[in-house]
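The values are calculated or read from the model by the stated rules, or taken from the named source; none is laboratory data. All values derive from a computational prediction rather than experimental measurement. Here the Cβ positions follow ideal geometry from the backbone for every residue, glycine too, while neighbour counts run over all protein chains shown. Please note that ligands, DNA and RNA were not included when accessible areas were found on the heavy atoms of the full protein model with its side chains. Shrake-Rupley method; radii C 1.70, N 1.55, O 1.52, S 1.80 Å.
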Amino acid sequence: MMLIPAHHFRDIERKPEYLQPEKCIPPPHPRPAGTMWFIRDGCGIACAIVTWFLVLYAEFVVLFVMLIPSRDYVYSVINGLVFNLLAFLALASHCRAMLTDPGAVPKGNATKEFIESLQLKPGQVVYKCPKCCSIKPDRAHHCSVCKRCIRKMDHHCPWVNNCVGENNQKYFVLFTMYIALISLHALIMVGFHFLHCFEEDWTKCSSFSPPTTVILLILLCFEGLLFLIFTSVMFGTQVHSICTDETGIERLQRKKQRRERRGSWKSVKETFGGDFSLNWFNPFSGPRHPKPLSDRDWVRQVSSVSDTENTETTTTTTEEPSEEPKNEDFVEKHEADGLVTSM
């Protein structure tokens, strides 16, 4: 990460056009409460469609190639119920992760009036994002795909066409967990089906021709193995981030956080919505409703801010966020003259 010397921010101070809070105008039509969140990104939409297609393909092969032609009625019913339940929970978690506001900061609130309403005291500072013209609370980062600052942003995931942030991290964790489980389940059933077909006549173990059956099973095996590895790694990474109370971007930047870290169990309970229960695994049960940001949440103490932390981080449409350090607007209420200036 490129370190930016402190005097460089003093140079920015001589460029009043860099901040210009008077040009930050709130959106003329604010989003009403309860409005569905959806990112209009072509790559993300395509990845989301591919995700659903692959799950439905696995559903087709499991049902019509392996379970329905099977002569073992109990085996087919039990595995069919388990696989379909996991697939339903995986797709439901995917929808919730994709259509839930990840924790977007109100756009265009970095106005002169709003900054003055905070009544900054000596030693207090606020950050402004020059891209979406928003005041950035602590641990918020700007996403170049969502074009918004996201609270507690971990990364932008194209497979769910959304950022993984404060409000939808639970759904993303459940999505990766259920995809890993159905991938493992499908691989086990493919193995048993191959053994069954080798012992029996290939024409009797499937309603399709032997070459078609082999091709469908091999494709499902490849898909299951690939997604089992990928989602298992993502699941482990997310659980580690929750337990350590450190997002992927914070870990990537290797910031020396001076904030007070919450305990692992407390962080897990806040992410999944309370004490341990079956609702932790329910994609229709959300985390604890986040409290609205107060004036204190926008303000930070200058003593807790390092000169090396004055960077702006954006992400690309890849599973791992890329780091693009840029200058971040920094406004301070000076004790001597009471002016709001940029550094």
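Peptides 132-139, 241-248, 208-215, ordered by how many other C-beta atoms sit within 10 Å of their residues on average, highest first, read 132-139, 241-248, 208-215. Compared with the alpha-carbon gap, the fully stretched path from Phe38 to Val77 is longer by 10.4 nm at 0.36 nm per residue.
Quick one: if the Förster radius is 30 Å, what FRET efficiency do Asp201 and Leu225 give, using the C-beta to C-beta distance and rounding to 0.05? Intermediate values should be presented prior to the final figure.
On the way: r = 27 Å, r/R0 = 0.92.
E(calc), rounded to 0.05, equals 0.65.
Counting only protein heavy atoms and a probe of 1.4 Å, the accessible surface of segment 36-306 is 65% carbon and sulfur.
With the cut-off at 1.5 for a/c, could you classify segment 36-306 from its C-alpha gyration tensor as rounded, prolate or oblate? Prolate.
At a Förster radius of 35 Å, what calculated FRET efficiency corresponds to the Cβ-Cβ distance of Phe276 and Val214, to the nearest 0.05? After rounding to 0.05, the efficiency reads 0.20.
Quick check on packing: order 221-234, 145-158, 269-282 by the mean number of other C-beta atoms within 10 Å, highest mean leading.
Numbers: 221-234: 17.0, 145-158: 24.6, 269-282: 14.9.
The densest-packed peptide leads the list: 145-158, 221-234, 269-282.
Enter the accessible area per residue of segment 36-306 (Å², integer; probe 1.4 Å; all protein chains in place). Write down the numbers at each step before the final one.
Details: 13190 Å² over 271 residues.
It amounts to 49 Å² per residue over segment 36-306.
Residue separation of Trp265 and Lys121 scaled by 0.36 nm, minus their Cα-Cα distance, works out to 48.4 nm of gained length.
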